[in-house]
Amino acid sequence: MKHDLYGNLCIFNIYNGLVEGLSHFSQSTRAALIYALKPGDEVLVYDPQNLLRGHEPRLKELYLDDDSWRQETSMALAKQPRGHFIPNENIHLAGLISYGGSSHSFFYQMWFTDHHPDICSIYPTERWIEHAGWLLAQEFAADSISMGTSGHALQNYTIHAITDHIVDMKNKVMGLDTRVLVSPILDTILNISKTKEEGAWPRGRLIFVDPDALDDIEFIAKIQKHERPYIGNVKHIRKLLLAVEHSPRKLVSDGYSIIGISNSETPEFAISANFQGDHGFLEFADQTLCSFFDGNFHSTTRKANLVEIEEILLDSQLSTENRTDLFKTLGGIVHTAETKRHGCTLIIDLNETPVEVSGHILDPCLDLKIPHNLDLAKSLIKIDGALHIMADTSLRGFGCLLDGKTIKGENMARGARYNSALRFTAEHNKVIVVVVSADRPVSIIQHGIEINAYCEWSPRSGYPSQPETLKSYLNGVLP
């Protein structure tokens with residue numbers, strides 16, 4: 001069997017499965033692969049969606065200018081039995097997550113994927129692409145066409161990726177004898193998140209603690225052993241959450257049943273599910289790993305990323321203190337609108353003389369650095385119209401109407417609030433408009449353009465392109 005045909009088929013199948021799986025866990029996601037099948041082979045790259053463009057100098061430095069990676073890989077493999085997969089950790093290219101590995105059947109591979117700005121943690125994604133590398137090595141070791149089985153496995157790897165990270169961390173710190181089974185716990189969390197009680201979504205915290213660590217927890221109330229609800233009894237656990245919602249209290253489980261209620265600190269290596277109504281967050285080792293909603297785990301923090309506003313403010317003439325106050329205030333108002341699930345519009349006016357808008361103009365302006373004024377502003381966003389916020393972090397008006405002439409680039413599918421912002425900013429300099437939709441998308445608009453518009457990358461099925469040598473990939477980009 002020719003390597004080119006078989007090898008490309010393996011790579012295509014695994015690539016497609018990885019991209020489709022990660023695109024469901026995060027937003028639309030790209031991937032790329034750099035590899036060498038044998039120690040002396042030329043370095044190849046598979047990047048059908050140009051994920052690695054912009055990183056050419058660093059790739060040349062890592063793989064072409066220096067051969068030390070070949071020597072280090074050969075030495076590491078010489079110490080390992082056949083079939084063993086040696087991980088190659090993240091090489092930290094800006095905006096990317098990378099992970100790979102080496103084995104006797106596949107000398108070197110490094111997978112890359114998008115590092116989305118609103119990701120809770122990179123670790124589940126690292127485990128995902130590490131598994132893609134392991135599957136590719138296994139397929140080359142087997143030397144038989146898998147009919148896309150590995151790709152299908154990667155499409156549905158969400159729970160396994162989260163489980164892999166938690167188990168790896170537990171094994172490093174607590175040893176291999178941990179008695180908590182992670183996958184059933186994750187299934188329970190998702191099932192609870194979908195279960196309403198008297199029409200209300202679950203709220204409160206449920207933690208899963210290794211049985212050996214239960215002695216370190218102080219219980220307010222402890223259930224008798226023969227009465228403890230099994231974690232598979234989702235309806236019962238959902239009812240018990242009523243006792244801890246809107247409080248520092250938490251339900252405590254050993255992974256098999258509910259032990260009781262506690263208000264002590266969560267142990268470092270406990271798995272914690274923080275239910276917040278129609279969504280929640282999975283936490284482990286003092287870090288938020290991912291969110292969950294709509295019956296699935298997702299990578300998103302569910303908070304708007306306002307990095308474009310931060311960059312505009314950095315380029316402005318505002319002082320550091322003023323920039324910080326304004327950015328913090330805007331973030332707080334936007335987050336409130338997201339949490340309350342209602343739309344709003346913010347006009348950020350960086351002009352010395354305010355732009356004229358119709359609406360309820362305040363005299364004097366409200367200083368939003370004062371907490372009770374900021375609380376009022378968060379309530380005013382529920383009124384139709386925009387908040388007019390000045391560069392000194394003051395509120396000039398509310399219920400403001402945006403107008404302007406029709407421009408190119410309008411999108412009738414986005415509604416009046418969005419298109420009015422496009423028209424208004426096209427006619428006014430030093431003005432940014434933030435539009436928060438009721439279904440949570442946040443648009444940042446300046447000069448009639450949505451500057452944080454995301455380019456949708458659709459997963460490409462089939463055979464979108466052939467791998468090429470890294471030298472060829474870099475040709476014409478680097479001197």
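How many of the residues making up the stretch 427-479 are on the phi > 0 side of the Ramachandran plot and either basic (Lys, Arg) or at pLDDT 85 or above (or both)? Qualifying residue count, the stretch 427-479: 4.
Per the listing Asp392, Asp384, the residue uniquely of a type outside the set (A, V, I, L, M, F, W, C) and in contact (Cβ under 8 Å) with a residue 60 or more places away in the chain is Asp392.
With respect to His104, is the statement that it is assigned by TED's automatic domain parsing to the domain that holds Asn156, modelled with pLDDT under 95 and over 18 Å from His55 (Cα atoms) true?
The answer is yes for His104.
Can you name the residue in the stretch 301-352 that is in contact with a Phe, Trp or Tyr (Cβ under 9 Å, 6 or more places away or on another chain) and under 24 Å from Ser121 (Cα atoms) and is also surrounded by the fewest Cβ atoms within 10 Å (Cβ to Cβ) among such residues? Looking at residues that are in contact with a Phe, Trp or Tyr (Cβ under 9 Å, 6 or more places away or on another chain) and under 24 Å from Ser121 (Cα atoms), I get Glu310. Listed by first and then second residue, the pairs with beta-carbon distance under 6 Å, at least 6 apart or on different chains, first residue in the stretch 59-88 and surrounded by 11 or more Cβ atoms within 10 Å (Cβ to Cβ), second aromatic (Phe, Trp, Tyr) and modelled with pLDDT of 90 or more, are Thr73/Tyr108; Phe85/Trp134. Does the stretch 167-185 contain any residue that is buried (at least 20 other Cβ atoms within 10 Å of the Cβ), aliphatic (A, V, I, L, M) and not in a helix (DSSP H, G or I)? There is at least one residue in the stretch 167-185 that is buried (at least 20 other Cβ atoms within 10 Å of the Cβ), aliphatic (A, V, I, L, M) and not in a helix (DSSP H, G or I).
Contact map, the stretch 157-173: residues that are among the hydroxyl-bearing types (Ser, Thr, Tyr) paired with residues that are not in a helix (DSSP H, G or I), Cβ distance under 9 Å, separation 6+ or inter-chain. Pairs shown: Thr158/Cys290; Thr158/Asn296; Thr158/Phe297; Thr158/His298.
Yes or no: Leu93 aliphatic (A, V, I, L, M) and assigned to a loop (DSSP other than H, G, I, E, B)?
Yes: the conditions hold for Leu93.
Residue pairs whose Cβ atoms lie under 9 Å apart, separated by 6 or more positions or on different chains, with the first residue in the stretch 25-54 and outside the structural domain of Ile162 (by TED's automatic domain parsing) and the second crowded, with 21+ Cβ neighbours inside 10 Å and polar (S, T, N, Q), do not occur.
Yes or no, residue by residue, for (1) in contact (Cβ under 8 Å) with a residue 60 or more places away in the chain; (2) part of a helix (DSSP H, G or I):
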site: Leu289; (1), (2): yes, no
site: Leu326; (1), (2): yes, yes
site: Thr329; (1), (2): yes, yes
site: Asn351; (1), (2): yes, no
site: Glu356; (1), (2): no, no
site: Asp363; (1), (2): no, no
site: His372; (1), (2): no, yes
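Only one of the numbered conditions (1) touching a residue at least 60 places away in the same chain (Cβ under 8 Å); (2) not assigned by TED's automatic domain parsing to the domain that holds Gly101 is violated by Asn191, and that is (1).
So in the stretch 16-33, with the set limited to residues that are in contact with an Asp or Glu (Cβ under 7 Å, 6 or more places away or on another chain) and not aliphatic (A, V, I, L, M), which one is surrounded by the fewest Cβ atoms within 10 Å (Cβ to Cβ)? Ranking the candidates gives Ser28 first. Regarding Ile122, is this residue of a type outside the set (Phe, Trp, Tyr) and within 27 Å of Ala76 (Cα to Cα)? Yes, satisfied.
Taking strands (runs of 3 or more DSSP E) as the structural unit, those lying wholly within the stretch 200-286 and holding at least 1 residues that are over 30 Å from the mean Cα position of the chain (by Cα), in contact (Cβ under 8 Å) with a residue 12 or more places away in the chain and over 27 Å from Met169 (Cα atoms) correspond to 219-222.
To keep it simple, each residue is scored yes or no on (1) of a type in the set (A, V, I, L, M, F, W, C); (2) in contact with a helix residue (DSSP H, G or I) (Cβ under 6 Å, 6 or more places away or on another chain); (3) within 30 Å of Leu306 (Cα to Cα).
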{"position": "Met110", "(1), (2), (3)": "yes, no, no"}
{"position": "Ser121", "(1), (2), (3)": "no, no, yes"}
{"position": "Gln138", "(1), (2), (3)": "no, no, no"}
{"position": "Ser150", "(1), (2), (3)": "no, yes, no"}
{"position": "Ala153", "(1), (2), (3)": "yes, no, no"}
{"position": "Ala161", "(1), (2), (3)": "yes, yes, yes"}
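Taken over the stretch 17-49, residues that are among the polar types (S, T, N, Q) and within 18 Å of Glu468 (Cβ to Cβ) amount to 1.
The values are calculated or read from the model by the stated rules, or taken from the named source; none is laboratory data. Keep in mind it's a predicted model, so treat the numbers as computed, not measured. Positions of Cβ are backbone-derived with ideal geometry, glycine not excepted, and every protein chain shown enters the neighbour counts.
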